[in-house]
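Below is one structure, written out as structure tokens; the observations come after it.
The values are calculated or read from the model by the stated rules, or taken from the named source; none is laboratory data. Keep in mind that this is a model prediction, so the values were computed, not measured. Glycine gets a Cβ as well: all are built from the backbone with ideal geometry, and neighbour counts include every protein chain shown.
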Amino acid sequence: MVAKKGAKAGGASEDAVEDLARVPLQAILLADSFTTKFRPITLECPKVLLPLVNTPMIDYTLAWLESADVEEVFVFCCSHSKQIINYLDKSKWTNQPNFSVTTIESQNCISAGDALRLIYERNVIQGDFILVSGDTVSNMMLTQALQEHKERRKKDNNAVMTMVIKQSKPSQITRQTRLGTDELIMAIDPTTKQLLYYEDKADDSKQTLTLDKSFLSENPSLSLLNDKQDCYIDICSPEVLSLFTDNFDYQHLRRHFVKGLLVDDIMGYKIFTHEIHSSYAARIDNFRSYDSVSKDIIQRWTYPLVPDVQFSINNPTKLERHGIYRASNITQSRSSQVGPFTYIGIDTVIGNNTVISNSVIGDGCKIGSNVAIDGCYIWHNVTIQDGCKLRHAILCDGVVMKPGAVLEPGVVLSYKVIVGQEFVVPSYSKVSLLPQPVKQDSDEELEYADSNTEVIVTTNPLENGDSTNNIGSDIGENGRGVIWSISEVDHEEEWRHSVSPIPDSKLIELTQLVNEDLEVLIQDDQFLPIDVRESDTESDGDVRDESQHFEKEVEATFLRGVNENVKEEHIILEVNSLRLSYNMASENCASALFYSMMKLALDNSRNLGQDLVKCTNDVVSKWGKLLRPYLQGVDDEIEVIMKFEEICLESGKEYAPLFVKVLHFLYDKDIIQEEAILNWANEKEDADESDKVFVKQAEKFIQWLNEASEEED
């Protein structure tokens, strides 16, 4: 009895000590990406201060950490450290209750490993901490992941890290996710969630994945997955910092540290995973992920980190229909058009007959007349004069486009570049007032500080006036800027990480290569020794999230086609590109396009006060042909009918009493065939009464179809 009492008392004492020793939840935020992917922009401004839907990236990361109950954040700065420190000193983060932000500055670190070694020397981390980069956008709560991490630590001191992951299906054609990152292959113990294998760069030359027999014998139960996204949010024990200090060859967080621990049999350290489902998390690693995350913010997947909620205090922003955000003091001509999923910043002026869609326009921009802007990111104080055309481009602060200038897809114009009159900037060009660095870093994962390149940027042109009057010009008469040279090899890969959609020619080429590889494998009787598959535990929520993302992307594509009167075949090509990216079937495309048409007709009816049947007739008559390539059989047509039922019950209840009229109209237009309608009705025979609402409404129409069918027989 005495022994038992002693044990109980000892346990209570340990709990009391743990409470007394409680330390605030801390985070390390790396404000240097240690990559060159955002050059030439990052030669002049740190990546974390680049605007993301008109708000610096680092604000998204700090806002999330504060909402997730982190109390102390240590921001590590290296490249352009003074700009980051000055920004934070003047920001709202300096005086937040229960949330402190401290900067740690270094001029000598060239990698994340160096940064963590320096932080270890400062001895500021007291317990478990969150490791994240300043280009991360998330709305996840950390409570569950932290609890799992702490419970594992109590049982096993070697459990030093928990990585946050999320489902993301890579394209079977490009082997990339929608964030522009390579296909990721992971092996995870399905019971413990321990990470056993990690390969973050697909090798296109390999058609097989080979694992050592000893690895399989040591891990008899594992799930080998290729449908996961690394969110680059890590919950770490303090040992992680000491491991970097003990191993100076650890530079990159994944390629060196994670892989190093996975193959180290001596120390036995372990990494585990925590998968999120309904929450959002993504890192902006390249221009394509910059584009994707911007769209997600505008489409409110990141709520409450959206322009009209989190970042609207000092910059009042109003959300309108079709995902249009407007800040204050905007001057817009009545003849101009602002299309869906667009943000317009403070004091921006828009001229006559200008059309803007799917774009972010910063503060103080001046846009002339007859300008066409689609899918662009235009930062602050940009001037675009009359007659310019630009698609899927990035324009930094102070850029000027002279009349009639054109930007082909994928162009990046760095600070204060001037494009000459009627000059056409070729696709994927990167233009800067600074000459291109001669010496590039030998390791693609590391970026040396600017002092380690042949070009030394000692001043920020935005803060110190224009010191580049002698710069040459590659971009037309009275233009100013140098187009950085791109080798043929690099240019071939520019499409992978661009804000521009993947070109149709490239998709066709890649599809042919995939088909040829499959034929070779079949002829040679080669098969994968291990099946790289999607998770068996894929939840309905994950599938729904992916489907909703796809549907919104298709709607944006369709509305852009409507607003700009784009040819049908071009819209179909864009939808096909989305279909490949999201790995969707033809019926998904048909349902998404049909939803977009019904929503457009409903919005037109509400806005114009017209009859809904007439509006539906007008929209389907003009755009219904878009559905035909995706209605390849009766089953696809039934999916469209079921989608219409869903619309009537949820997003477009005004259609409910008109169900039969619209169904009859779709039949008359040869979009839905007789067989599909009859089969749909037959499938509903054994359904619950609540599922037969629209079948009963269509009884007379169905009876008429049956009689007509019998007469024909």
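Of all residues in segment 45-91, which are surrounded by fewer than 19 Cβ atoms within 10 Å (Cβ to Cβ) and of a type in the set (Asp, Glu)? Correct list: 66, 69, 71, 89.
Within segment 339-361, restricting attention to residues that are without any contact (Cβ under 8 Å) to a residue 60 or more places away in the chain and closer than 15 Å to residue 391 by Cα, the residue that is surrounded by the most Cβ atoms within 10 Å (Cβ to Cβ) is 361.
Looking at the structure I just gave you, is residue 628 closer than 29 Å to residue 171 by Cα, in a helix (DSSP H, G or I) and outside the structural domain of residue 169 (by TED's automatic domain parsing)?
It is true that residue 628 is closer than 29 Å to residue 171 by Cα, in a helix (DSSP H, G or I) and outside the structural domain of residue 169 (by TED's automatic domain parsing).
Is there a residue in segment 137-160 that is over 19 Å from residue 271 (Cβ atoms), in contact with a Leu (Cβ under 7 Å, 6 or more places away or on another chain) and not in a strand (DSSP E or B)? Yes, some residue in segment 137-160 is over 19 Å from residue 271 (Cβ atoms), in contact with a Leu (Cβ under 7 Å, 6 or more places away or on another chain) and not in a strand (DSSP E or B). Does residue 696 satisfy the criteria of being modelled with pLDDT of 80 or more, part of a helix (DSSP H, G or I) and either in the same structural domain as residue 647 (by TED's automatic domain parsing) or under 14 Å from residue 638 (Cβ atoms) (or both)? Taking the combined requirement at face value, the residue satisfies it.
Residue 115: out of contact with any Pro (no Cβ under 7 Å at 6 or more places or on another chain) and either crowded, with 21+ Cβ neighbours inside 10 Å or among the hydroxyl-bearing types (Ser, Thr, Tyr) (or both), yes or no? So residue 115 fits the description; yes.
In the list 130, 165, which residue meets the criterion of being more than 20 Å from the chain's Cα centre (by Cα), under 30 Å from residue 53 (Cα atoms) and modelled with pLDDT of 85 or more?
Working: 165 fails: more than 20 Å from the chain's Cα centre (by Cα).
Every option except 130 fails the conditions.
Applying the selection to segment 633-669, what residues are among the small types (Gly, Ala, Ser) and either buried (at least 18 other Cβ atoms within 10 Å of the Cβ) or in a helix (DSSP H, G or I) (or both)?
652, 656
The sole residue among 534, 546 that is farther than 27 Å from residue 411 by Cβ, outside the structural domain of residue 40 (by TED's automatic domain parsing), in contact with an Asp or Glu (Cβ under 7 Å, 6 or more places away or on another chain) and at pLDDT below 70 is 534. Can you pull out the residues in segment 286-323 that are in contact with an Asp or Glu (Cβ under 9 Å, 6 or more places away or on another chain), of a type in the set (Lys, Arg) and within 23 Å of residue 179 (Cα to Cα)? The answer is 295, and nothing else.
Of all the criteria given as (1) surrounded by fewer than 19 Cβ atoms within 10 Å (Cβ to Cβ); (2) at pLDDT 80 or above, the one not satisfied by residue 609 is (2). Flag: residue 364 does not match the condition of being touching a residue at least 12 places away in the same chain (Cβ under 8 Å), in contact with a Gly (Cβ under 6 Å, 6 or more places away or on another chain), not in a strand (DSSP E or B) and not assigned by TED's automatic domain parsing to the domain that holds residue 51. The single residue among 73, 137, 53 that is of a type in the set (A, V, I, L, M, F, W, C) and either closer than 30 Å to residue 481 by Cα or not assigned by TED's automatic domain parsing to the domain that holds residue 154 (or both) turns out to be 53. The residues of segment 380-396 that are surrounded by fewer than 24 Cβ atoms within 10 Å (Cβ to Cβ) and either within 16 Å of residue 430 (Cβ to Cβ) or not assigned by TED's automatic domain parsing to the domain that holds residue 475 (or both) amount to a single one, 392.
Residue count for segment 333-361 satisfying the condition of being among the small types (Gly, Ala, Ser) and either in a strand (DSSP E or B) or over 22 Å from the mean Cα position of the chain (by Cα) (or both): 5.
Looking at the structure I just gave you, is residue 601 assigned to a helix (DSSP H, G or I) and without any contact (Cβ under 8 Å) to a residue 24 or more places away in the chain? Answer is yes for this residue.
Across segment 397-426, the qualifying residues are those that are touching a His at 6+ places or on another chain (Cβ under 9 Å) and part of a loop (DSSP other than H, G, I, E, B), and the one among them that is surrounded by the most Cβ atoms within 10 Å (Cβ to Cβ) is 411.
Answer yes or no as to whether residue 585 is surrounded by 20 or more Cβ atoms within 10 Å (Cβ to Cβ), under 24 Å from residue 680 (Cβ atoms) and free of Cβ contacts under 8 Å to residues at least 24 places away in the same chain. No, not satisfied. The residue that is farthest from residue 290 (Cα to Cα), among those in segment 328-385 that are among the small types (Gly, Ala, Ser) and touching a helix residue (DSSP H, G or I) at 6+ places or on another chain (Cβ under 6 Å), is 339.
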